Amino acid sequence: MAKTAVTGFPRIGKKRELKFASEKFFKGEINEEELQAVAKELRFYGWKKQQEAGIDFIPSNDFSFYDNVLDTAFLLGSLPSRYVKLGLSPLETYFAAAHGYQGNAGDVKALPMKKWFNTNYHYLVPELGDDTKIQLAENSKPVREFSEALCLGLKTLPALTGLYTFLHLASYTGEKKAEDFIDDAVNAYSQLALQLEALGAEWIIFSEPALVLDVNEEEKSLFLNIYKKLLSKIRAETKLKILLNTFFGDIRDLYDEVLSLGFDGIGLDFIEGKESLSLINKAFPKNTLLFAGIVNGKNIWRANYENKLSLLSEIKKSVAEENIVIAPSCSLLHLPYTTSLEDKLSDEVKTHFAFAEEKLCELKELAAGDDAAFAENKKLFARERVKKNPQVQTALLSLTSDDFIRKPDFDIREKIQKKEFNLPLFPTTTIGSFPQTKDVRANRAAYKKGQISREEYVSFNQKKIDECIALQEKLDLDVLVHGEFERNDMVEYFGSQMDGYIFTSNAWVQSYGTRCVKPPVVWGDVSRRSPMTVEWSVYAQSRTKKPVKGMLTGPVTILNWSFPREDISLKEQAQQIGLAIREEVLDLEANGIRIIQIDEAALREKLPLRKSDWHSEYLDWAIPAFRLVHAKVRAETQIHTHMCYSEFNDIIREIDDMDADVITFEASRSDLKILDALNEANFKTEVGPGVYDIHSPRVPSVSEITGALNKMRDKVPLEKLWVNPDCGLKTRGEEETVRSLSNLVEAAKILRAESIFFDKAV
Ligand code: GLN
Ligand code: ZN
């Protein structure tokens with residue numbers, strides 16, 4: 001029977017215990033000891049589950065209070081001194097770097113946070129400066145957790161963030177570069193290896209996802225430099241076996257180099273790693289274990305055993321059977337705990353899913369070649385899980401290129417719309433949501449629980465819309481919104497009104513820190529049942545003469561924030577959702593809504609890790625899916641889109657190609673570099689780079705905003721500029737929102753006056 005391995009397990013708790021305990025700790029309701037006790041229980045839970053399932057290689061150090069990369073920075077003693085100087089306890093220092101700290105000991109911002117490769121998990125960016133001295137922390141977390149697992153009789157594999165990935169992700173604030181930190185980092189890790197071996201460890205894992213990116217020559221030599229030194233030290237001092245674990249893709253750019261280093265185990269991803277199979281077919285060392293990631297560690301569907309078996313038999317052509325260890329394609333962190341908590345789903349539905357705990361069972365069944373399990377699995381996949389929706393199928397089949405091309409061309413539309421709306425220069429607007437105060441949430445909750453009637457629910461929201469419109473008129477904003485009081489979440493709101501979607505009760509997945517998301521599941525063909533937003537938008541528009549934007553979420557974002565189907569392509573799913581949203585767009589237009597915003601907050605999220613895949617695997621269907629949604633509207637109807645980031649320098653043409661009329665995006669936290677890119681690309685779409693950060697309660701001053709607008713005016717043609725916040729105002733308080741927006745409008749008016757003067761002077 002083949003062996004099985006796991007390299008990371010969910011850690012938030014089946015009922016998000018870690019989140020709630022951490023929040024209590026920050027409020028001072030529990031102390032550090034109590035928080036540590038909760039954490040310990042969660043670790044034990046994960047280990048016991050893996051032990052009971054009979055997993056052969058079980059990791060430790062995969063737990064984290066916030067993030068494993070931050071843990072690594074802490075482990076290597078490389079937290080920036082501004083956090084250490086606060087003089088707090090180690091755990092509080094750690095949290096200061098994670099959340100920022102404002103209190104008696106000082107005032108420091110958090111480390112920046114970034115998306116972890118192509119997942120929705122976020123890591124904290126390590127910061128290395130010329131004064132950073134890397135050295136191993138005392139009584140470190142990997143040591144403590146390894147010892148803890150020994151109490152269960154488990155000899156775990158401590159999982160460490162690989163030094164290449166760590167140095168690759170770090171930001172460098174001084175002259176020193178990655179190379180300058182190698183020696184100290186290697187010393188720290190080899191010391192750690194010694195300590196772990198002394199406790200009885202036999203293996204350690206170096207997790208190196210950065211190896212699946214495009215790797216250039218310089219990076220290749222950085223990798224070799226690190227591992228030649230690290231391996232020779234560890235080999236000289238210990239008998240530890242070393243697993244180099246890679247995931248989220250394949251390591252084609254330095255596979256030969258990896259082989260040349262002589263690891264005891266190599267972890268390859270056979271799900272997202274398109275070339276993994278051909279790499280091992282080329283060569284795989286005789287005495288090395290292959291940790292074969294053949295079970296999808298990111299999606300919740302059951303594995304098709306027949307397919308897995310044929311994959312395994314391909315693998316066996318290059319690797320001896322006894323050297324194959326069956327594993328998930330990546331850490332199980334990116335999955336919810338277990339389907340057993342989903343009481344609202346029928347058993348039939350649930351049999352199609354495998355969350356983290358069920359994946360353990362899949363690994364074992366695959367390793368055992370269990371006949372009964374195979375027969376069962378075969379039956380499962382032979383059943384018709386869901387019927388195709390004939391209307392959706394016909395609609396898809398009748399799509400032609402015209403469905404993706406809006407007419408007339410942008411330049412003509414822009415002129416028509418300037419006339420149609422007659423907006424001033426620097427038109428002001430917001431991104432959609434207004435503060436979701438307690439009463440707003442209570443109203444939704446009461447309605448959902450059946451405590452109030454539909455009329456009561458609607459009339460409360462209408463009152464909120466009235467207030468929201470009145471406020472925006474008073475502030476003198478130009479393009480208004482209805483406030484989105486009916487929505488809890490920009491994907492769930494639409495998913496729950498479309499056929500084909502199903503929702504879980506507890507399938508939480510960690511996004512950042514202890515925050516989780518609960519992505520809906522695309523179960524069958526997606527279609528709209530009836531209008532989803534029209535009543536709210538039409539009501540809001542009836543309260544004012546100014547244009548009110550209809551607010552929708554775009555197909556790519558809806559799909560990216562869902563668990564997708566595996567039986568049809570992402571492209572087809574995006575088109576199905578696109579068709580449903582298109583119906584909504586056309587209904588809004590038919591009902592007198594003249595501006596429609598289609599948010600694509602998450603468009604960049606699933607951009608493939610390798611540049612060579614950007615178009616063929618993603619952009620070639622994602623951009624058309626957006627165009628499909630708005631291609632049929634009239635020239636006068638203005639289409640906006642919004643994105644929650646501004647790192648799109650490298651896909652700027654594709655963004656322009658979405659052919660929206662206006663795009664708003666987050667810019668205030670980035671250094672406005674995007675403006676140069678817009679300028680160089682001759683960006684045609686009108687733009688509203690966010691002028692202030694809505695993620696903080698700070699109220700931006702008028703001069704701050706005019707300052708930002710001045711910079712924008714230098715780079716973007718005046719008549720293409722919009723003025724708006726960074727993102728929706730849902731999480732903000734009412735008072736700060738009013739003050740911020742009032743300053744925003746005032747700043748726009750100042751710029752307007754100046755520009756008119758400027759025009760005349762010329
Ligand atoms: N329209 C949404 C809002 O304002 C957009 C949210 C987002 O971009 N994440 O809330
Ligand atoms: Zn946003």
What value, in deg cm²/dmol to 500, does the helix sum -39500 (n - 2.57) over DSSP H runs of n ≥ 4 give at 222 nm once divided by the residues of the chain? -13000 deg cm²/dmol
Total Lys pairs in segment 370-476 closer than 23 Å by alpha-carbon, pairs eight or more apart in sequence or interchain only? 17
Semi-axis lengths (Å, descending) of the ellipsoid that matches the C-alpha gyration tensor of segment 26-164: 28, 18, 15
Hey, could you grab the Kirkwood Rh for segment 649-762? Inverse mean 1/r over distinct alpha carbon pairs, Å, one decimal. 14.7
Taking the beta-carbon count within 10 Å as an exposure proxy, list K419, K518 from fewest neighbours to most. K419, K518
Would you mind giving the three semi-axes, in whole Å and largest first, of the ellipsoid equivalent to segment 423-555 according to its Cα gyration tensor? 28, 18, 16
Where Rh denotes the Kirkwood radius from the mean inverse Cα pair distance, what is Rg over Rh for segment 501-641? 1.00
Would you kindly give the portion of the calculated P(r) for segment 146-273 that falls above 25 Å, as a percent of all Cα pairs? 26
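Taking all pairs of distinct Cα atoms, average 1/r, flip it, and tell me the Kirkwood hydrodynamic radius of segment 371-494 in Å to one decimal place. Let's see the in-between values first.
Numbers: mean 1/r = 0.0501 Å⁻¹.
Computed over segment 371-494, the radius equals 20.0 Å.
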If you wrap a convex hull around the alpha carbons of segment 266-361, what volume per residue comes out, as a whole number of Å³? 91
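Report for the chain the percent antiparallel among DSSP-assigned beta bridges with both residues inside it, nearest 5.
The antiparallel fraction comes to roughly 20 percent.
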Where the Cα atoms of segment 348-407 are projected onto their three principal axes, how long is each span, largest first, in whole Å? 58, 21, 19
Divide the volume of the convex hull of the Cα atoms of segment 75-123 by its number of residues and quote the answer in cubic angstrom per residue. 84
Which FRET efficiency value, to the nearest 0.05, is calculated for E384 and S232 with the Förster distance at 60 angstrom and r the Cβ-Cβ distance? 0.55
Separation between Cα centres of segment 428-484 and segment 634-682, rounded to whole Å: 28
How big is the chain by Rg and Dmax over its Cα atoms, in Å? 27.1, 85
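Each reported figure results from applying straightforward, stated rules to the coordinates on display, with no laboratory input. Because the structure is a prediction, the values reported are computed rather than measured. In this analysis, Cβ positions are derived from the backbone assuming ideal geometry, glycine residues included, and neighbour counts consider all displayed protein chains.
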